[in-house]
Amino acid sequence: HEALMYHLADGYIEDPANISNLNEWIEDPKEQFIVLRGDVGIGKSALVAYWLREQNKIRPDRKVIWHCVAYASDKKDDGEAVRKRLTAEISDLYQLPDDTKLEALVEMIQDKDDLLIIIDGLEKFTTNDGSKQLLWLPRMPKNVKVMLTTTPDDESMESLTYRHWLCLTLPPLSIQIRSEIIQKYLIKYGKKLTEAQVDKIANSKLFENTSAL
């Protein structure tokens with residue numbers, strides 16, 4: 001996951017508004033949870049990776065667990081799989097007994113270092129076991145922040161809306177951002193398009209999504 005973070009962050013073109021919103025959330029003691037909502041391919045994972053890389057420089061003391069469902073090694077990733085990983089990671093990060101249940105672990109760390117948990121890609125969970133309803137996620141102490149990402153039309157949003165968690169919707173890519181992505185990608189391979197060619201691609205509505213680019 002750490003290697004994935006640097007890979008995704010390397011190709012991200014910073015959107016100051018999104019970065020600012022995430023920075024405000026992580027420093028706000030009143031908002032413990034945030035949901036990043038956006039279409040498939042809009043750049044949620046890249047945004048999270050870039051922001052997390054910068055946050056690690058600002059707060060190296062904060063402990064982090066990032067689970068990206070789309071890239072998980074378990075082909076049938078679900079809430080129970082994430083629950084097991086959280087249990088193992090928290091035990092390791094805080095040097096606690098590895099045979100302790102997750103509910104007990106989060107209680108044991110409430111007076112310890114801050115923890116950020118990121119679950120990226122709820123829409124990719126299986127749908128028949130309560131994974132998308134977050135039945136596997138225990139109540140978290142105040143020193144734990146949780147970030148989740150999903151798509152607007154996924155059934156996970158129903159549960160997240162019911163919980164009244166802070167929600168940040170990622171809009172389609174601006175033309176300026178599209179142009180920068182095109183140019184930055186081509187530079188990696190020693191290639192270049194004319195300004196007119198870049199403008200033609202960037203101005204196409206088809207390329208509002210990074211997956212199309």
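Where a number appears in this text, it was derived from the coordinates with a stated rule and is not lab data. Keep in mind the model is a prediction, meaning the values are calculated, not measured. Note that each Cβ is placed from the backbone with ideal geometry, even for glycine, and that neighbours are counted across all protein chains shown.
Data overview
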{"read-out": "Debye intensity ratio in log₁₀ form over the Cα atoms of the chain, taken at each q of 0.07, 0.12, 0.14 Å⁻¹", "value": "-0.24, -0.67, -0.89"}
{"read-out": "Formal net charge of residues neighbouring Tyr185 (Cβ-Cβ distance under 14 Å; K, R +1; D, E -1)", "value": "+3"}
{"read-out": "Debye, to nearest 20: dipole size of region 105-152, +1 on Lys, Arg Cβ, -1 on Asp, Glu Cβ", "value": "120 debye"}
{"read-out": "Shape box of region 39-143 [Cα atoms, principal axes, largest first, Å]", "value": "37, 34, 23"}
{"read-out": "Considering only the chain, percent of DSSP beta bridges that pair antiparallel, nearest 5", "value": "0 percent"}
{"read-out": "Dipole magnitude of the chain, debye to nearest 20 (Cβ charges: Lys/Arg +1, Asp/Glu -1, about Cα centre)", "value": "500 debye"}
{"read-out": "Extension gain from Ser20 to Cys167, taking 0.36 nm per residue of separation minus the Cα-Cα distance", "value": "51.5 nm"}
{"read-out": "Amide H within-cut-off set for Thr126, under 5 Å, with H built and near neighbours excluded", "value": "Gly79"}
{"read-out": "Trypsin sites (Lys or Arg not before Pro) restricted to DSSP loop in region 127-202 with at most 12 other C-beta within 10 Å", "value": "Arg139, Lys142, Arg163, Lys191, Lys192"}
{"read-out": "GluC sites (Glu not before Pro) restricted to region 19-124 and DSSP loop, no more than 15 other C-beta within 10 Å", "value": "Glu31"}
{"read-out": "Karplus (6.51, -1.76, 1.60) ³J(HN,Hα), θ = phi - 60°, over region 87-102, in Hz, Gly and Pro reported as x", "value": "4, 5, 5, 5, 4, 6, 5, 9, 6, 10, x, 7, 9, 8, 5, 4"}
{"read-out": "Tyr6/Gln95 FRET efficiency (R0 22 Å; Cβ-Cβ; nearest 0.05)", "value": "0.25"}
{"read-out": "Exceeding the 22 Å Cα-Cα cut-off - candidates Lys57/Lys132; Lys57/Lys112; Lys44/Lys205", "value": "Lys57/Lys132"}
{"read-out": "Neighbour net charge for Glu208 - beta-carbon separation under 11 angstrom, K R +1, D E -1", "value": "+1"}
{"read-out": "Region 121-213: chymotrypsin sites (Phe, Trp or Tyr not before Pro) in DSSP loop, at most 12 other beta carbons within 10 Å", "value": "Tyr189"}
{"read-out": "Length gained when the stretch Asp111-Arg53 is fully extended (0.36 nm per residue, less Cα-Cα span)", "value": "18.4 nm"}
{"read-out": "Theoretical gain in end-to-end length, Ala104 to Ile187 [0.36 nm per residue, Cα-Cα removed]", "value": "24.9 nm"}
{"read-out": "Pair Glu158, Gln197: separation of 7 Å Cα→Cβ label points (nm)", "value": "4.8 nm"}
